[in-house]
1. Once the other residues with Cβ under 12 Å from the Cβ of A184 are scored (Lys, Arg +1; Asp, Glu -1), what is the net sum?
2. Grab the DSSP H runs of the chain that are 4 residues or longer, score each as -39,500 (n - 2.57), total them, divide by all residues and round the 222 nm result to the nearest 500 deg cm²/dmol.
3. In whole Å, what is the distance between the alpha-carbon centres of segment 204-266 and segment 336-377?
4. By per-residue mean of other Cβ atoms within 10 Å, what is the highest-first order of 327-335, 185-193?
5. Pick from K11, K94, K342: which is most flexible by mean-square fluctuation in a GNM of the chain where alpha carbon atoms under 10 Å apart are linked?
6. Mind checking which of P410, P350, P436 has the largest fluctuation in a GNM of the chain, springs on alpha carbons under 10 Å?
7. How are the Cα pair distances of segment 172-230 distributed, in percent, across 10 Å bins from 0?
8. Which order results if S41, S271 are arranged by neighbouring Cβ count within 10 Å, fewest first?
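Just so it is clear, none of the values below were taken in a lab; they were calculated from the coordinates. Everything numeric in this text was worked out from a predicted model, so none of it was measured. For neighbour counting, all protein chains shown are included, and Cβ atoms are generated from backbone atoms with ideal geometry for every residue, glycine included.
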Amino acid sequence: MTLIRVEDIAKYEGQEATVRGWVYNRTDKGKLVFLLVRDGSGFVQCVAFKGDLEEHVFDQVMRLPQESAVVITGPVRADGRAPGIPGGYEISVKDIQIVQVADLDYPMSLKEHGVDFALDNRHFWIRFPSQWSILRVRATVMAAAREWLDSHGFIAMDTPILTPAAAEGTTTLFETEYFDEGKAYLAQTGQLYNEANIFAFGKVYCFGPTFRAEKSKTRRHLTEFWMLEPEIAFCDLDELMEIEEQLITHIVQRVLRDRQPELCALKRDTSKLEAIRPPFPRMSYDQAADYLIDLYQRETDPERKELLKFEWGMDFGAPHEVELTKLHDQPVFIYGYPTAVKAFYMEPWPGRPEVCKSVDLLAPEGYGEICGGSERISDYTLLLERIRKEGLPESAFKWYLELRKYGSVPHSGFGMGVERVTAWLCGIDHIRETIPFPRTIKRVYP
């Protein structure tokens, strides 16, 4: 018995092979039964002919409910009409073991379901080809990111999930009692700890869940999401942007190489991804603001005009990011944001204290920010001043300030949202489908 994975089925054309999996769909045509079987790596059509199986076995096959578990053995043959991911091959069933007959009341039958119902049954929805494809792309995004960083001198460092203070704003924290130590918070970022790590290792990254208690219902927000956060010593803003564009390009190319069947199943126009090449265009916040103000002033539709309302000093909303990305087919860097809309640790722009050395990377096709980063303040006195201005507790940042007293150097870093990158690469509307079990303000189950 040659046990195979469906994703490798092309290697076994003309050979007898065994697949273990679950019945996704069943179609009866008299003496033929077509089983679409998934094994976790793909979907393959298995064709059972009445004359090839004992009568009682064939009768069982004809009645197999969706999601029944099976082990199927038979010869592999090419058939361009055969459905599946990857498609084009099928197995003639010569032997079948029925491991478990699923109950008949499976809730996620093969029909259209409302979003709330699908999310209530997310533990089953992930079995659908669309969701399966998206999550396969997500896994490749994560693997590709690690691959590029590991091969370019970065070292993975795990940072705490429980932290004593906020890094991105005190209004979006999940808090908990921490024994006799007072309050602790679910981490918004691992960045501050990685700033300590770079003084030991030079170039590091952390990769894990982060938490924001934002009461947002947009298609771009989750309360729990995964973020990749590289941090680099002796790195300025220009070098940081070069690192980001190399990393993102590598991720795109890896997904195009390894996930073509999944992208095809999602009906993604891959020509738009194939065009992604560095260098990415760069645009200052001032230039972007001028463009948006002009766009707002020229808009005549009242409803759209309200959405596009903008003045210098505002952060970009989703409608503004969409308009900026229409200017380019590539991801675009927007740099030099107002200090007031960014975090306390960002280095001021020389001669312009109202502007900081920050940068966001906006994905094309209206997908908005996928990376956000900056040069960090490296001067002790300036950082202390910013902490006090923001009204943050100095005691919680004592260790962070000390990093500026012993060997401080210019340094930079950024965060990349896995779910947003995955949504862009898959060409889907909502990031809730890009994580196995999404958490939003109205959903903590399943």
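1. On the way: positive: K183; negative: E175, E177, D180, E181.
Residues close to A184 contribute a combined charge of -3.
2. Mean residue ellipticity, 222 nm, calculated: -9000 deg cm²/dmol.
3. 16 Å
4. Working: 327-335: 19.4, 185-193: 22.9.
Put in order of decreasing packing, that is 185-193, 327-335.
5. Highest fluctuation of the listed residues: K11.
6. Checking each option, the largest mean-square fluctuation is seen for P350.
7. Going from the shortest bin to the longest, the percentages are 21, 38, 32, 9, 0.
8. On the way: S41 18, S271 7.
If I rank by nearby Cβ atoms, fewest first, I get S271, S41.
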